[in-house]
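The values are calculated or read from the model by the stated rules, or taken from the named source; none is laboratory data. As the structure is a prediction and not an experimental result, all values here were calculated from the model. Note that each Cβ is placed from the backbone with ideal geometry, even for glycine, and that neighbours are counted across all protein chains shown. The area values use the complete protein model at the heavy-atom level, side chains included, leaving out ligands, DNA and RNA. Shrake-Rupley method; radii C 1.70, N 1.55, O 1.52, S 1.80 Å.
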Amino acid sequence: MLVRVGSRGSRLALTQAEQAAERLRRPGVEIALVPITTAGDRDRTKPFGQIGERGVFVKELEEALLGGRIDVAIHSAKDMTSTDTEGLAVGAYPPREDPRDALCGAAALRPGMRVGTASVRRRAQLLALEPTLSIEPLRGNIDTRLRKRGERGLDAVVLAACGLDRLRLEGEIGLRFDPHQLLPEAGQGALALQVRAGEESLVVAADDPETRRRVEAERRCVALVGGGCLAPIAAHHDGTALTALVADEDGAWLERRTGDDPDAVARELLAFVS
């Protein structure tokens, strides 16, 4: 049986797809990787909000799934919308890797630093930690952002630690932020194997129940609050409890809540975004 696995075409995405594909290989199953370019890949200059809504890195993969051109789509779970697309399902979340954010180029935040990131979630929390920072927009794949740090004379850039680890670039990391300092994006560090609804058996062997429990709690909370990567909202489950936050884009205020029930945590935060 041939299983067509769709992925974005970046070096990181293809590396992640290869890792996930290894979990799907078994006797009688042949894997074919199918690179697909997304809206977020085509336009690397505009802020995400000018390209489209949350999901700019997944829409074309989902369309290929629904159109029958691929059988499995491999996503970074943090790139997905907080609710499932009709007709599709996440059939597996493989074991999660490091969910933390990483500071590259410096070992600590210092007053007045120039820091590159395109994430409003990171911007808000970084400014809450150190209001004198100059946060500068920075898009592109990991290699591009690391290169632009030097070209633009930035003191540091903030990236997802898991991406650096997967590309064996952990030597670029000066600091892995504790989630109490910089709360990760919902799903960060996890991969999501998406299939057509009813075809979960294709990937179920790759599913890690604990990763699913945590990531789905995070996605549920973000869905209820109504934000995502276009708003300063974050959610992270450490295995014991779920913590989520909403913030002002410039870090002027930040509200964080912790609990066991994503619905209850979301309700507490909704008062600050309604």
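So that you can scan it fast, the table gives a plain yes or no per residue for (1) buried (at least 24 other Cβ atoms within 10 Å of the Cβ); (2) within 18 Å of residue 100 (Cα to Cα):
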residue	(1), (2)
192	yes, yes
199	no, no
209	no, no
239	no, yes
243	no, yes
257	no, no
265	yes, no
270	no, no
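Identify all residues within the range 182-227 that are over 16 Å from the mean Cα position of the chain (by Cα), closer than 24 Å to residue 12 by Cβ and part of a loop (DSSP other than H, G, I, E, B); write none if there are none.
Those that are over 16 Å from the mean Cα position of the chain (by Cα), closer than 24 Å to residue 12 by Cβ and part of a loop (DSSP other than H, G, I, E, B): 203, 207, 208.
Hey, among 4, 44, which residue is basic (Lys, Arg), modelled with pLDDT of 95 or more and either over 16 Å from the mean Cα position of the chain (by Cα) or crowded, with 22+ Cβ neighbours inside 10 Å (or both)?
Just a single option satisfies the conditions, and that option is 4.
Which residue is farthest from residue 188 (Cα to Cα), if the candidates are limited to the range 69-97 and must be modelled with pLDDT of 95 or more and open to solvent by 30 Å² or more (accessible area, probe 1.4 Å)?
69
Which of the residues that make up the range 147-175 are part of a helix (DSSP H, G or I), crowded, with 19+ Cβ neighbours inside 10 Å and not small (Gly, Ala, Ser)?
149, 162, 164, 166
Which condition number does residue 214 fail, the rest of (1) over 30 Å from residue 22 (Cβ atoms); (2) open to solvent by 60 Å² or more (accessible area, probe 1.4 Å); (3) in contact with a strand residue (DSSP E or B) (Cβ under 9 Å, 6 or more places away or on another chain) being met?
Just one mismatch for residue 214, condition (1).
Kindly provide the set of residues from the range 7-41 that are hydrophobic (A, V, I, L, M, F, W, C), at pLDDT 90 or above and over 17 Å from residue 205 (Cβ atoms), ordered by number.
Scanning the range 7-41 gives 12, 13, 14, 32, 33, 34, 36.
Check off (1) without any contact (Cβ under 8 Å) to a residue 40 or more places away in the chain; (2) crowded, with 19+ Cβ neighbours inside 10 Å; (3) closer than 30 Å to residue 212 by Cα for residue 123 and give me the number that stays unchecked.
Here residue 123 clears every test but (1).
In this structure, does residue 186 turn out to be in contact with a strand residue (DSSP E or B) (Cβ under 7 Å, 6 or more places away or on another chain), open to solvent by 20 Å² or more (accessible area, probe 1.4 Å) and either more than 23 Å from residue 107 (Cβ to Cβ) or at pLDDT below 95 (or both)?
no
Check residue 181 against each of (1) out of contact with any Pro (no Cβ under 6 Å at 6 or more places or on another chain); (2) of a type outside the set (Phe, Trp, Tyr); (3) open to solvent by 70 Å² or more (accessible area, probe 1.4 Å); (4) touching a residue at least 60 places away in the same chain (Cβ under 8 Å) and name the one condition it does not meet.
Among (1) out of contact with any Pro (no Cβ under 6 Å at 6 or more places or on another chain); (2) of a type outside the set (Phe, Trp, Tyr); (3) open to solvent by 70 Å² or more (accessible area, probe 1.4 Å); (4) touching a residue at least 60 places away in the same chain (Cβ under 8 Å), residue 181 violates only (4).
Return the total of residues in the range 92-111 being among the aliphatic types (A, V, I, L, M) and touching a helix residue (DSSP H, G or I) at 6+ places or on another chain (Cβ under 7 Å).
Looking only at that region, the number is 3.
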